[in-house]
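Just so it is clear, none of the values below were taken in a lab; they were calculated from the coordinates. Remember, predicted model here, so these are calculated numbers, not experimental data. Neighbour counts run over all protein chains shown; Cβ positions are idealised from the backbone, glycine included.
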There are 2 protein chains.
Amino acid sequence: MGYKHNIDEILDIGYDVLRKNGYHNVGVNQILKEAGIPKGSFYNFFESKEDFAVKVVKRYGETNTEWMKAFFDNSELSPIESLQSFYKFMIDTNETDDYLSGCIVNNMSIEVGRINNIMASKANEQFISWLNILAQVISKGQNLKEITTKFNALEIAEYLHAGFYGTFSRMKVTRNRTYMDIWYNMSFEFIKN
Amino acid sequence: MGYKHNIDEILDIGYDVLRKNGYHNVGVNQILKEAGIPKGSFYNFFESKEDFAVKVVKRYGETNTEWMKAFFDNSELSPIESLQSFYKFMIDTNETDDYLSGCIVNNMSIEVGRINNIMASKANEQFISWLNILAQVISKGQNLKEITTKFNALEIAEYLHAGFYGTFSRMKVTRNRTYMDIWYNMSFEFIKN
DNA sequence: AATTAATTAGACTAATTGGTCTAGTTGAGA
DNA sequence: TCTCAACTAGACCAATTAGTCTAATTAATT
């Protein structure tokens, strides 16, 4: 049966709250309220607010890693086409979100990357894990001569995905997808062979 | 003579504090302490903490706009070379800062862009102002056939500069310039004719 | 010299912060 | 069925939050 509350459910709610509002702008009490748990349970599950936030990032990062793996494994498109369809999907997802939240790993990196070593290294971990999946697809595209070989696959992956992060800064203040679409068109024009 | 304290000096100190620590992680009392002013003076000069932060971003943005204008006006390099030297300088600047702070406009966009309309529009204003300067240089480079004409100057400017913002997320958690240098090499390789 | 508005100074406030503590409850294993 | 650790519950705490208020001081204007 288990007890009343479940860590993963709390982490999922925490993901929403932290992604939308950031780290320092959210109090523990707000998390308790949104998750519907008493403080005792929170501190039974997590050592501190920091520990909670790190675990939120970890869970999201790992879930997303699995999702990405499945996405590319199941794709019947060519490598470059599957990459394009991946980023198209990511941009569309942000549209349904009114372009306001962005990516929690990016948000945490910028807000607390400098002042919190544990969060910094956890965010970096997730990013690298995604990067390796992208690099594999890029590598396949290079072998098929779809993608430029001027740079190696991992570099192109980092270029693409961090470039995508740059679009979030613009999106959050312009609140539209204009620049994300420009980024998409230019990036794929540049890396195509 | 004037009074004891000066708004611009407070804003300059505020720039340092907010850039390094973010918005919600800094209290008004900390600003008072670092600037050496009493609370009465702060609330005499600024309506609120938000008003203060917006004015910090405005002042930095405008100062930087002037600096960029002078940088490109005084440059004796060709357009693409002056762009390269500009970004080289920006990367070096972050190195002296131990790669921890980044750009305040980017930081504020990510941390409070979603939840604070005034800050969002002020950050966007500064970004656009920089963008226009970059676009002018890019346009010159396009006329000289140094830079690709596959995309218009403003699009390339936004692509370049927001891409550079993406590098900050990586920098803040990896705390080195590796990815910034990769970004630099790839971006200029891609936009060169 | 008198008046006035701007500025300085910091004590104070109500609300909120992250976190602790104790008491009671639950569920699984012996 | 008994035992014990995990969990639930929320009152409580010291510190901090953004912001207010009143009084004193300063500089410029009349």
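Dimensions of segment A:1-51 along principal axes (Cα, Å, largest first)?
34, 18, 17
Taking the Cα of B:V28, stepping 7 Å toward and past its beta carbon, and measuring to each backbone N in segment B:90-129: which are under 15 Å?
The answer is none, because no backbone nitrogen lies closer than 15 Å to the label point.
How tilted is helix B:79-96 with respect to the longest principal axis of chain B? Cα atoms for both, answer in degrees (0 to 90, nearest 10).
For helix B:79-96, the angle is close to 40 degrees.
Over chain A, what is the relative contact order in percent, taking alpha-carbon pairs closer than 8 angstrom and at least six residues apart?
Computed over chain A, the figure is 23 percent.
Could you list which residues have their amide H under 5 Å from that of A:I147, counting only those 5 or more apart in sequence or on another chain, with H placed in the peptide plane?
Correct list: A:Q142, A:N193.
Please give every one of the aspartates and glutamates within straight-line cross-link reach of B:K33, meaning a C-alpha to C-alpha distance under 19 Å, and leave out same-chain neighbours fewer than 8 residues apart.
B:D8, B:E9, B:D12, B:D16, B:E47, B:E50, B:D51
Please enumerate, by chain and number, the lysines with C-alpha under 28 Å from the C-alpha of B:K69, excluding those fewer than 8 residues away in the same chain.
The qualifying lysines are A:K172, B:K20, B:K55, B:K58, B:K88, B:K122, B:K140, B:K145, B:K150, B:K172, B:K192.
For B:40-52, what's the mean count of beta carbons from other chains sitting within 10 Å of each residue's beta carbon?
For this peptide, the per-residue mean of nearby foreign Cβ atoms is 0.
For chain B, just list the percent of Cα-Cα distances falling in each 5 Å bin from zero outward, please.
Taking all Cα pairs of chain B, the binned fractions are 1, 7, 15, 17, 18, 15, 11, 7, 4, 2, 1, 0 percent.
Out of B:V26, B:V173, B:V54, any idea which swings most in a Gaussian network model of chain B, alpha carbons joined below 10 Å?
B:V173
Using each residue's phi in segment A:153-158, evaluate 6.51 cos²θ - 1.76 cosθ + 1.60 at θ = phi - 60° and report the 3J(HN,Hα) Karplus result to the nearest Hz, with x for Gly and Pro.
Once rounded to whole Hz, the list reads 4, 5, 5, 5, 4, 5.
Let me confirm one metric for peptide A:156-164, namely the mean number of other chain beta-carbon atoms within 10 Å of its residues' beta-carbons.
Mean inter-chain Cβ contacts per residue within 10 Å come to 6.
Suppose you put the label 7 Å out from Cα in the Cβ direction; list, shortest first and in nm with one decimal, how far A:V28 is from each other copy's label.
Label-point distances to the other copies, shortest first: 2.6 nm.
Average the reciprocal distances over every distinct pair of alpha-carbons in the protein assembly as shown, invert the result, and give the Kirkwood radius in Å.
The Cα-based Kirkwood calculation yields 22.1 Å.
Please identify which residues in segment A:101-144 have an amide N closer than 12 Å to a label point set 7 Å out from the Cα of B:L100, following the Cα→Cβ vector.
The answer is A:113-117, whose backbone nitrogens lie closer than 12 Å to the label point.
Once you've got the GNM for chain A with C-alpha springs shorter than 10 Å, pick whichever of A:K49, A:K145, A:K58 has the biggest mean-square fluctuation.
Maximum among the listed residues: A:K145.
Quick one: what are the phi-derived ³J(HN,Hα) couplings along segment B:97-106, Karplus 6.51/-1.76/1.60 with θ = phi - 60°, whole Hz, x for glycine and proline?
9, 6, 6, 9, 9, x, 10, 4, 5, 5
Which of B:T96, B:T167 has the fewest other C-beta atoms within 10 Å, and how do the rest follow up to the most?
Going from least to most buried by this count: B:T96, B:T167.
Suppose R0 equals 41 Å; then what is the FRET efficiency for A:E50 and B:N44 from their Cβ-Cβ distance, rounded to the nearest 0.05?
That gives a FRET efficiency of 0.65.
With chain B treated as a Gaussian network of Cα nodes joined by springs under 10 Å, which of B:T148, B:T65, B:T178 yields the largest mean-square fluctuation?
B:T178
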